[in-house]
Amino acid sequence: MAKKITFAGLLFFITFISFSQTGKIEGYISDAENRTPLNGATVIISNTKGDNTDAFGKFSIGRINPGQYELVVSHISYKTEIIPVEVKENLTSSVSVPLKKADLDLSEVKVNGKKGTPLNTIGSVDIMFRPVNTSQEVLRIVPGLFIAQHAGGGKAEHIFLRGYDIDHGTDINVSVDGMPVNMVSHAHGQGYADLHFLIPETVEKINFDKGPYFTNKGNLATAGYVEFHTKDFLKDNFLKLEGGQFNTQRLVGMLKILNTENENRRQQFYVGSEYFKSDSYFESPQNFHRFNIIGKYNAWFGDQNQLTITVSTFDSKWNASGQVPDRAVQSGMISRYGSIDNSEGGNTGRTNLNILYARQWKNNWKTTDQFYFSRYHFNLFSNFTFFLNDAVNGDEINQREIRNMYGYNTTVSKTWMLGQKSTQTEFGGGFRYDDVMGVELSRAAKRQYIETLQKGDVKEANGYLSWNQNLELDYNFSVNGGLRFDFFHFSYRDLFTGDIDSKHQQRSVASPKLNFVYAPSSTVKIYLNNGIGFHSNDTRVILHNDAKDILPKVYGTDLGIILKPVKNLILKTALWRFYSEQEFLYVGDQGIVEPGGKTRRMGVDISARYQFTSWLFGDLDMNYTKARAIGSVKGEDYIPLAPSFTSTGGISAKMKNGFSGSLRYRFMNHRPANEFNSVKAEGHFINEICLAYAWKKFELTFAAENIFNQEWREAQFDTESRLQFEPSSVSEIHYTPGTPRFLKAGINCKF
């Protein structure tokens, strides 16, 4: 027994001595120009250990043997710095490194940053590759994500990702500066994500990923999520004027109102505004008008406190020609860009207040607190079936609502040592409350009211708690696990039937996550993601269905690898599989409930980024999906409109003489339009080009979409409809024609 005690004591002494002989490096990385913390920088010590900076620009590398080392600090679009540092026994060495902006160099990009998600690197590179012209084009940066517009440009885009026909946002979580874009229990469709209030020039970066693997993403984050982050600091004032075919005009301006800095504070307040109008390419003028304005105040107090206040508003109105039946075009009844009912269209608007406060405390705990509020209105006229139900007045419908949305989010996190292992703990919580007034479905003719079909008040509350733990088992291998708990309370008062009291239901759901990352070198990262996500259904569905299956889950697994086989090439491949439980969908166009059924999706994503020279870049994304309904007879189990194969790619140039440009393509294969695959939605292959020349404070731009003037279909549906002269209905493809060749040019002046 004494020998065992002596041996244990000796082991403890040796271990203590080995621990006590190590040192630690802590530091702060900042943007040299803005003098603000730089999030996501990679810090590596002599190619052995490393870390990524957090939102406060801080990093920490522990358990380092005493000696002389080189600290390599890098960040996409910044010049890499190599800093000599000495580590001493039992001491912490502190460094502060300001990074200067530089041209993109893929040879300096690391793929093994321990805190970065597998797609973040590629996403940041892509923003550098391609000019940002519209918020929709930024959405397209997500590999495999396709969008379609089918209501005159003012309606939220139809989204497709990983074999999901996401409609307008049912299975993707979209946010801007942490504020949710998706509208739950919306008049037109669940998760409706209208991003038109975002001015493209304000976008600084995006974070995105696919699958239900992240505890800070709750409702609707099944196929994936997209986070937009607007600029904290504006470098230059500017005024941009653009014009193009089809009476298209756009004016954008951004101006610094307040811009000061001293030893302890860096603050700026800027405003931006956008006006856009277009008649579009349809025979009936679209007469689309949109006005946006944003004001953002951002302040850093030292490097430990950040306050951000953002106020924005937008309003738009438009006409639309809607989807056209193929038979009407083939017979010559209307042209490709004609319409059956040109009284479609509408108006919508949204005003936002977003306040964020982040702080790093002396005990190294970090906290964030966010409050947001939105006031929203929506009014849409549509006619999908023409004269199927009403042979005299037609089948036009009107959907409308007014909504107040309130929310609060908070996080508390800390990085600490568990023995020799570094671990990060994060707790989160918050709530969201939607007060929807007069969500309505009614019949109309040429925008004139006929009768109300449904009308009511929705009150929907969602509270959540989350815990996330990241543990480094060693520098090469880490495990991330977490659990999220969401509680929902649904309430609906039926104004159409004259109900005085509201009906209520409540449900909760737990969403566990478990992810593994192995990065044996700075050129290889292997990851295995596992998680359960969910999306809520419309409150009216929940009450109609007695609260059964109202929070359907999605079970997901991703196995991926990111490689950098040569210094200028990044490759990523992921094999994935999703299983979706039974769900019920509220079809807002008809005011009915449809069962969705169980589904299984599996596929492979492949991405490549290559830098040919210091000024020439290439990118390629290919995505294959097999989507099938579970429980249906083989051959009758296709999921309508689920993409099977998509691809995007292009080459981009940025030269030192001021010239830059990008030549791109996007391809979507034919896909089933019904469960039997007897009707197909046509695929398309579209090319576009962007050119720019910068000289001093001026920049000239030129863009051409659909260069070869291909006839293609943007949004497609297998719909049963009847034209006014037809004796009976016909079920066939109805589509919105994609844009023909479209040219535009612009000038940007900085001051």
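The values are calculated or read from the model by the stated rules, or taken from the named source; none is laboratory data. The model shown is predicted, which means the values in this text are computed figures rather than measured ones. Glycine gets a Cβ as well: all are built from the backbone with ideal geometry, and neighbour counts include every protein chain shown.
Is it true that some residue in the stretch 212-230 is more than 26 Å from Asn409 (Cα to Cα) and among the β-branched types (Val, Ile, Thr)?
Looking through the stretch 212-230, none of the residues is more than 26 Å from Asn409 (Cα to Cα) and among the β-branched types (Val, Ile, Thr).
Given the conditions (1) in contact with a strand residue (DSSP E or B) (Cβ under 7 Å, 6 or more places away or on another chain); (2) on the phi < 0 side of the Ramachandran plot, report the number of the one that Asn706 does not fulfil.
(2)
Which condition breaks for Val412 when tested against (1) under 27 Å from Glu472 (Cα atoms); (2) touching a residue at least 40 places away in the same chain (Cβ under 8 Å); (3) in contact with a Leu (Cβ under 9 Å, 6 or more places away or on another chain)?
Result: Val412 passes all but (3).
Going through Lys567, Lys598, Lys626 one at a time, which residue ends up being in contact (Cβ under 8 Å) with a residue 24 or more places away in the chain, touching a helix residue (DSSP H, G or I) at 6+ places or on another chain (Cβ under 7 Å) and not polar (S, T, N, Q)?
Step by step, each of Lys567, Lys598, Lys626 is checked, and only Lys567 is in contact (Cβ under 8 Å) with a residue 24 or more places away in the chain, touching a helix residue (DSSP H, G or I) at 6+ places or on another chain (Cβ under 7 Å) and not polar (S, T, N, Q).
Identify all residues within the stretch 705-720 that are modelled with pLDDT of 95 or more and either in contact with a Leu (Cβ under 6 Å, 6 or more places away or on another chain) or hydrophobic (A, V, I, L, M, F, W, C) (or both); write none if there are none.
Once the filter is applied, which keeps residues that are modelled with pLDDT of 95 or more and either in contact with a Leu (Cβ under 6 Å, 6 or more places away or on another chain) or hydrophobic (A, V, I, L, M, F, W, C) (or both), the stretch 705-720 yields Ile707, Phe708, Trp712.
Determine which single condition Lys656 fails, assuming it passes every other condition in (1) on the phi < 0 side of the Ramachandran plot; (2) over 21 Å from the mean Cα position of the chain (by Cα); (3) buried (at least 16 other Cβ atoms within 10 Å of the Cβ).
(3)
For the stretch 503-546, which positions are out of contact with any Phe, Trp or Tyr (no Cβ under 6 Å at 6 or more places or on another chain), over 14 Å from Asn219 (Cα atoms) and among the hydroxyl-bearing types (Ser, Thr, Tyr)?
Within the stretch 503-546, Ser521, Ser522, Thr523, Tyr527 qualify.
Can you name the residue in the stretch 426-475 that is more than 19 Å from Ser175 (Cβ to Cβ) and among the aromatic types (Phe, Trp, Tyr) and is also modelled with the lowest pLDDT among such residues?
Taking the candidates together, the pick is Tyr475.
In the stretch 425-444, which residues are in contact with an Asp or Glu (Cβ under 9 Å, 6 or more places away or on another chain) and buried (at least 17 other Cβ atoms within 10 Å of the Cβ)?
Arg432, Asp434, Val436, Val439, Glu440, Leu441, Ser442, Arg443, Ala444, listed by residue number.
Which condition number does Ser273 fail, the rest of (1) in contact with a Phe, Trp or Tyr (Cβ under 7 Å, 6 or more places away or on another chain); (2) of a type in the set (Ser, Thr, Tyr); (3) assigned to a strand (DSSP E or B); (4) under 26 Å from Gln149 (Cα atoms) being met?
It fails just one condition, (1).
Find the residue count for the stretch 234-260, including only residues that are in a loop (DSSP other than H, G, I, E, B) and touching an Asp or Glu at 6+ places or on another chain (Cβ under 8 Å).
So the answer is 3.
Looking only at the stretch 637-666, count every residue that is of a type in the set (A, V, I, L, M, F, W, C) and more than 14 Å from Asp619 (Cβ to Cβ) and tell me the total.
If we filter the stretch 637-666 for residues that are of a type in the set (A, V, I, L, M, F, W, C), which is where we start, we get 639, 641-642, 645, 651, 653, 655, 659, 663.
Restricting the remaining residues to those that are more than 14 Å from Asp619 (Cβ to Cβ) gives 639, 641-642, 645, 655, 659.
Here the count works out to 6.
Determine, yes or no, whether Asn529 is closer than 24 Å to Thr42 by Cα and either surrounded by 16 or more Cβ atoms within 10 Å (Cβ to Cβ) or among the small types (Gly, Ala, Ser) (or both).
yes
Which numbered condition trips up Ser280, out of (1) hydroxyl-bearing (Ser, Thr, Tyr); (2) at negative phi; (3) not in a strand (DSSP E or B)?
Unmet condition: (2).
I want to confirm something. Restricting to the stretch 704-715 and keeping residues that are out of contact with any Ser or Thr (no Cβ under 9 Å at 6 or more places or on another chain) and surrounded by 15 or more Cβ atoms within 10 Å (Cβ to Cβ), which single residue is nearest to Leu641 (Cα to Cα)?
Ile707
Could you say which residue among Glu682, Glu675 is at pLDDT below 95 and of a type in the set (D, E, K, R)?
None of the others qualify; the one that does is Glu675.
So, in the stretch 592-629, of the ones that are of a type in the set (D, E, K, R) and more than 17 Å from Leu161 (Cα to Cα), which residue ends up surrounded by the fewest Cβ atoms within 10 Å (Cβ to Cβ)?
For the stretch 592-629, the residue satisfying everything is Glu594.
Working only within the stretch 46-61, note down all residues that are crowded, with 18+ Cβ neighbours inside 10 Å and either assigned to a loop (DSSP other than H, G, I, E, B) or in contact with an Asp or Glu (Cβ under 9 Å, 6 or more places away or on another chain) (or both).
Across the stretch 46-61, the qualifying residues are Thr53, Asp54, Phe56, Gly57, Lys58, Phe59, Ser60, Ile61.
Inside the stretch 62-89, can you point out the residues that are over 19 Å from Val109 (Cα atoms) and assigned to a strand (DSSP E or B)? Don't jump to the end; show me each part of the working.
The first filter runs over the stretch 62-89 and keeps only residues over 19 Å from Val109 (Cα atoms), leaving 62-69, 84-89.
Hits for the stretch 62-89 are Gly62, Arg63, Ile64, Gly67, Gln68, Tyr69, Pro84, Val85, Glu86, Val87.
Please indicate, with yes or no, whether at least one residue in the stretch 321-328 is under 30 Å from Phe233 (Cβ atoms), of a type in the set (A, V, I, L, M, F, W, C), modelled with pLDDT under 95 and in a strand (DSSP E or B).
no
Are any residues in the stretch 494-512 over 32 Å from the mean Cα position of the chain (by Cα) and surrounded by 13 or more Cβ atoms within 10 Å (Cβ to Cβ), and if so, which ones?
Within the stretch 494-512, Asp494, Leu495, Phe496, Asp499, Ser502, Lys503 meet the criteria.
Conditions first: (1) of a type in the set (Ser, Thr, Tyr); (2) surrounded by fewer than 19 Cβ atoms within 10 Å (Cβ to Cβ); (3) within 27 Å of the chain's Cα centre (by Cα). Ser335 passes all but one, so which condition is the exception?
The number of the failed condition is (3).
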